[in-house]
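Peer 1: To start, I am sharing the structure in question, which I have written as structure tokens.
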Amino acid sequence: MFKKIMKGGHRKASKSDSTEKYAFGPPGSHNPSSVVVNHAFRPVLNAPEQNSSPSVPIAPPPLSTAAVEPLPLLRDVPVAERQSLFLRKLQICSYQLAFTDMLKTVREKEVKRRTLLELVDFFQSGSGKITEVCQEEMIKMVAINICRCLPPASHENTGQEVTDPEEEETHLDPSWPHLQLVYELLLRYVVSSDTDTKVAKRFIDHSFVLKLIDLFDSEDPREREYLKTILHRIYGKFMVHRPFIRKAINNIFYRFIYETGRYNGIGELLEILGSIINGFALPMKEEHKLFLAKALIPLHKPKPVATYHHQLSYCVTQFVEKDYKLADTVIRGLLKYWPVTNCQKEVLFLGELEEVLEATQSAEFQRCMVPLFRQIARCLNNPHFQVSERALFFWNNEHIVGLIAQNRHVVLPLIFEALEKNILGHWNQAVHGLTVNVRKMFMEVDAELFEECRRQYEEKMARAREVEDQREMTWKRLADVAAERGGGNLVAV
């Protein structure tokens with residue numbers, strides 16, 4: 001659904017909008033004061049108070065059995081009465097029902113579900129525009145239902161030690177049958193061609209958008225998927241919110257990297273950013289380059305990077321494809337956060353590095369090739385065969401092989417020792433075979449350089465053997481002296 005909605009555009013507001021048929025008649029033709037709609041709001045954690053915002057509702061009336069009663073369908077009443085009926089339906093949808101016990105308020109839950117479903121169908125059928133009063137009350141109803149305190153994570157409830165996010169069980173919100181319809185209603189409202197952004201931005205304001213972004217920490221993947229779609233459509237339709245949305249996402253990344261180390265929606269936020277980065281104009285603004293250096297690259301550091309690495313790698317690669325001069329910054333950033341003891345993470349880094357190198361030009365490659373191939377040499381000798389094998393796969397990429405061939409006088413001396421060690425002693429046969437092929441490739445490209453590197457390597461090994469022999473002789477002399485002085489009980493090492 002996300003891709004389908006992405007392809008659809010939104011119609012720019014025109015003067016003809018004022019003459020279009022309204023589902024409830026023209027604005028101001030009905031007096032909504034006869035319907036009193038009170039609302040409740042449960043704030044999301046870390047959402048700042050903005051009392052002046054029109055999207056912040058007030059507390060709802062207490063729930064009573066008589067309050068939630070089935071109402072006539074919108075299509076069954078005259079146009080003149082639809083606004084009043086629409087507001088009454090919003091009032092029903094604003095009631096909070098407990099889903100911890102599925103046997104309680106069963107009738108009320110069904111009435112609310114059917115009412116939400118009717119509102120979704122109303123927007124999906126394109127029945128016409130709704131008045132500003134109804135738009136405002138609808139956004140308030142949406143805020144009441146979705147803007148809530150998220151339940152604590154499982155380890156916070158039990159006091160157990162924090163586990164790997166990949167190993168945790170997925171938490172599914174029991175109220176999802178209602179939440180899904182609320183999100184679907186909001187989505188239909190945002191993407192509707194009848195929604196005038198000049199009017200809607202008064203209700204979908206910064207406060208509302210910030211609360212939406214905070215909900216990305218939900219443990220329910222279904223909710224995060226809807227949030228991803230809705231936020232991306234808001235970013236595309238409401239240009240006034242674009243800098244604010246980027247800054248809010250940036251702040252979440254900072255909090256995740258430097259404070260909490262846990263956030264459920266990093267992957268979904270990065271997926272949105274991947275599309276946003278793809279639309280950046282050239283030359284790229286300094287603000288965007290700073291975002292790459294200060295937020296995206298440090299996202300490689302947290303332990304759960306594997307849960308969102310695919311989306312992160314796409315975002316980083318998009319930057320390099322947009323501006324090839326950023327390749328040096330990205331490669332040095334990857335080397336800065338290169339894992340030391342996590343082999344699976346190292347394999348991910350090597351895969352991302354290959355994608356970045358595919359978009360790297362010769363000038364940028366030369367700036368970072370020395371520290372880069374020192375790290376690759378360490379990967380070649382890694383006892384974990386997947387790391388060593390993944391590093392050797394670089395020589396299957398024609399563009400990377402071309403860059404290496406142009407700079408072989410620098411690259412080969414850096415990795416020659418690692419290649420020789422693999423041939424002499426690596427335990428894995430696949431790694432041994434790949435190393436032989438890479439070694440043969442260098443020999444065919446520049447036999448003279450290869451022989452020079454081999455000569456230097458043999459001289460280095462000879463010096464190392466001399467040093468080892470000298471060390472053993474020194475220890476032997478010390479042992480002999482100790483024995484002559486009566487220290488025969490000493491153990492020579």
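The values are calculated or read from the model by the stated rules, or taken from the named source; none is laboratory data. None of the values given here were measured: they were computed from a predicted structure. Quick reminder, even Gly has a Cβ in these numbers, built from the backbone with ideal geometry, and neighbours come from all protein chains shown. Only protein heavy atoms, including side chains, enter the accessible area calculation; ligands, DNA and RNA are left aside. Shrake-Rupley method; radii C 1.70, N 1.55, O 1.52, S 1.80 Å.
Peer 1: Solvent-accessible area per residue for the stretch 411-493 at a 1.4 Å probe radius, Å²?
Peer 2: 71 Å²
Peer 1: To continue, here is another question. Report the extension gain between GLU321 and MET284 in nm, rounded to one decimal, defined as 0.36 nm multiplied by the number of residues separating them, less their alpha carbon distance. Can you show the working numbers first?
Peer 2: Working: separation 37, 0.36 × 37 = 13.32 nm, distance 1.17 nm.
The span from GLU321 to MET284 would gain 12.1 nm if fully extended.
Peer 1: Calculated FRET efficiency, ASP121 and PHE99, Cβ-Cβ r, R0 22 Å, to nearest 0.05? Display every interim value, and only then the final one.
Peer 2: Details: r = 23 Å, r/R0 = 1.05.
With R0 = 22 Å, the Cβ-Cβ based efficiency is 0.45.
Peer 1: Additional query: Between VAL481 and ALA363, with labels modelled 7 Å along Cα→Cβ, what's the label distance in nm to one decimal, could you check?
Peer 2: 6.1 nm
Peer 1: Another question, then. Could you pull the Rg and Dmax for the stretch 361-482, using just the Cα atoms, both in Å?
Peer 2: Spelled out, the Cα radius of gyration and Dmax of the stretch 361-482 are 17.7, 63 Å.
Peer 1: In the structure displayed, which of LYS325/LYS421; LYS109/LYS237; LYS247/LYS289; LYS140/LYS198; LYS129/LYS198; LYS201/LYS228 lie more than 23 Å apart, Cα to Cα? Can you show the working numbers first?
Peer 2: Values: LYS325/LYS421 35 Å; LYS109/LYS237 33 Å; LYS247/LYS289 14 Å; LYS140/LYS198 18 Å; LYS129/LYS198 14 Å; LYS201/LYS228 19 Å.
With Cα atoms farther than 23 Å apart: LYS325/LYS421; LYS109/LYS237.
Peer 1: Might you tell me the accessible area per residue for the stretch 318-359, computed with a 1.4 Å probe and given in Å²? List each step's numbers first, then the result.
Peer 2: Values: 1810 Å² over 42 residues.
Result: 43 Å² of accessible area for each residue.
Peer 1: What distance in nm separates the two pseudo spin-label positions at HIS310 and ARG202, each 7 Å out from Cα along the beta-carbon direction?
Peer 2: Here the answer is 4.3 nm between the modelled labels.
Peer 1: For the stretch 356-454, with all protein chains present and a 1.4 Å probe, just round the carbon and sulfur fraction of the accessible area to a whole percent.
Peer 2: Numbers: 2390 of 4610 Å².
Percent of accessible area from carbon and sulfur atoms in the stretch 356-454: 52.
Peer 1: Moving on. For the residue pair VAL370 and GLU466, what label-to-label distance in nm results when each label sits 7 Å from Cα along the Cα-to-beta-carbon direction?
Peer 2: Inter-label distance under the simple model: 2.7 nm.
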